[in-house]
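In what follows, a single structure is set out as structure tokens and then discussed.
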Amino acid sequence: MNKDHVVIRKLVEQTLEVANDPIQDRRRKLWADFNSLRTKEVPIYILDPQGMWNEACPPLECEDPFLRGYENWLRLQLYHASFGDDFVTEKYITMPPVMTGEKPYWQLWGIPYTSNRIAKTKAYHFTEYERTLDDVENLIIPAASIDKAKTDENMEKLIEATGGIIPIHLDCYPQFIYGLSFMIAMFFGCTNMLYQFYDDPDCVHAVGKKISAAVMALFKQAENDGWFNSVNRTYGGNVEIQAPAYNHEIANPDVPEVVPMKRHWIYDCAQEFESVSAQMFDEFLISYMKPIYEQFGLLSYGCCENLTEKLPCLMGISNLRRVAVTPWADAEKCASILQDKYVISWRPNPAEMVSNSFDEENIAKTIKQARDIFRRYDCSWEINLKDFITVQNDVSRLENWAKIVRHALDS
């Protein structure tokens, strides 16, 4: 057994020890009841601590780049399990397939495109472009296919490294799940996109029609090829709905199985449409995406954007279940609109919670204020802490935050 295998197997054994704790089943039931609107208990979830993981991650030991990625992920999972939130540690590992072509999906449409990413903050800057209907006609529909030989090679390597002591499932969550809002912003540039809504709306509509039709076809291909399964997006990124996907209506992550779209969640957001009116949001985005959303079992919507004025547009989608209420949203107005008909994923400001100072009194006050608002309208709501890039090197801060939140909810 080589050094890398020793490291991976030790981490897998520790992960299985956590996964077999009875508390995991209690959390699965909580999320299933919550996502199906059967309980008013408030789950607490810390989403994707990868932004500050460099402050907490011990030195990695694996030499093989592929296994080093899994070492990093397993260590991150174990760190998350120490927080005391309602995170679910599963009894299996997932592995993404190797896709044909080396470029990311959004660079496969056959148009010039560049962006600059600021590594520390994970922010993007999109290049601005003057586009015409000719550019829309020149869009190339990406092919979606798996490189089976390379995927099998990776699977064999991972099985050997883990020693077969934990199940490994292929995670084929389609890479073309990215929302239309992202593609429109990429096509025009974020600033120029806003001008085009006024100056050349026909061109924007042409992009929406072409990309949404292509995505619908790609989804159907993925469904026919068995790409949708109940364990999607548990490795290498956020879980698909930005929280555990358990429910009582469609497939659940604890029973790995291939499923049709109707038994699968879909998640989307439109951060690029933050400053767009509700009317334009509906005209240029939702009108094209709604038929796609409704092919799926349940829809979870929203990331960082303020959806307060856009909620009526979203509520016209028949399978909408989860809605993000961000630090910039009007929590009272959102609660009065959504009431007990939808799951509210409430996101407190990460800067106020853990990233700048760590003011325990202010944390408790903020949680209690939110609690009182959502209780007033009989809402089903979760506390979802996300988008924190730093904890100021205080690696115990997230665990302490979860304790403060639980105490505030109960007081």
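Residues are listed down the side, and each one gets a yes or a no for (1) closer than 30 Å to Asp282 by Cβ; (2) of a type in the set (Phe, Trp, Tyr):
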| position | (1), (2) |
| --- | --- |
| Met155 | no, no |
| Ile165 | no, no |
| Ala185 | yes, no |
| Phe188 | yes, yes |
| Thr191 | yes, no |
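For first residues located in the range 137-150 and without any contact (Cβ under 8 Å) to a residue 40 or more places away in the chain, partners that are surrounded by 11 or more Cβ atoms within 10 Å (Cβ to Cβ) and part of a loop (DSSP other than H, G, I, E, B) and lie 6+ apart or on another chain with Cβ distances below 7 Å form the pairs Asn138/Gly110; Asn138/Ile111; Ile140/Trp109; Ile140/Gly110. Pairs linking a residue in the range 312-336 that is more than 17 Å from Ala270 (Cβ to Cβ) and part of a loop (DSSP other than H, G, I, E, B) to a residue that is among the β-branched types (Val, Ile, Thr) and at pLDDT 95 or above, with Cβ atoms under 7 Å and 6 or more positions apart or on different chains, are Asp330/Thr308. Considering each residue of the range 51-59 in turn, at least one proves to be of a type in the set (A, V, I, L, M) and either closer than 25 Å to Val354 by Cβ or part of a helix (DSSP H, G or I) (or both). Residues being small (Gly, Ala, Ser) and at pLDDT 85 or above are represented in the range 145-161 by at least one member. Scanning the range 358-370 for residues that are closer than 12 Å to Trp401 by Cα and surrounded by fewer than 16 Cβ atoms within 10 Å (Cβ to Cβ) returns Asp359, Glu360, Glu361, Asn362.
Any residue in the range 3-18 that is free of Cβ contacts under 8 Å to residues at least 60 places away in the same chain, within 16 Å of Tyr79 (Cα to Cα) and more than 25 Å from the chain's Cα centre (by Cα)? Yes, the range 3-18 contains a residue that is free of Cβ contacts under 8 Å to residues at least 60 places away in the same chain, within 16 Å of Tyr79 (Cα to Cα) and more than 25 Å from the chain's Cα centre (by Cα). State the number of residues belonging to the range 357-411 that are in a helix (DSSP H, G or I), among the polar types (S, T, N, Q) and within 24 Å of Asp330 (Cβ to Cβ). Of the residues in the range 357-411, 3 are in a helix (DSSP H, G or I), among the polar types (S, T, N, Q) and within 24 Å of Asp330 (Cβ to Cβ).
If only one of Ile317, Ile373, Ile389, Ile337 is among the hydrophobic types (A, V, I, L, M, F, W, C), closer than 22 Å to Asn247 by Cβ and surrounded by fewer than 23 Cβ atoms within 10 Å (Cβ to Cβ), which one is it? Going through Ile317, Ile373, Ile389, Ile337 in turn, just one is among the hydrophobic types (A, V, I, L, M, F, W, C), closer than 22 Å to Asn247 by Cβ and surrounded by fewer than 23 Cβ atoms within 10 Å (Cβ to Cβ): Ile317. Of all residue pairs spaced 6 or more apart or on separate chains, those with beta-carbon atoms under 8 Å, a first member in the range 170-190 that is farther than 17 Å from Phe219 by Cα and part of a helix (DSSP H, G or I) and a second member that is of a type in the set (A, V, I, L, M) and modelled with pLDDT under 85 are Phe187/Ile111.
For (1) among the β-branched types (Val, Ile, Thr); (2) at pLDDT below 95, each residue gets a yes or a no:
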{"site": "Asn362", "(1), (2)": "no, no"}
{"site": "Ile367", "(1), (2)": "yes, no"}
{"site": "Phe374", "(1), (2)": "no, no"}
{"site": "Trp381", "(1), (2)": "no, no"}
{"site": "Ile389", "(1), (2)": "yes, yes"}
{"site": "Asn393", "(1), (2)": "no, yes"}
{"site": "Leu398", "(1), (2)": "no, no"}
{"site": "Lys403", "(1), (2)": "no, no"}
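The single residue among Tyr246, Tyr288, Tyr267 that is crowded, with 19+ Cβ neighbours inside 10 Å and assigned to a helix (DSSP H, G or I) turns out to be Tyr288.
The values are calculated or read from the model by the stated rules, or taken from the named source; none is laboratory data. Keep in mind it's a predicted model, so treat the numbers as computed, not measured. Positions of Cβ are generated from backbone atoms using ideal geometry, with glycine treated the same way; all protein chains shown enter the neighbour counts.
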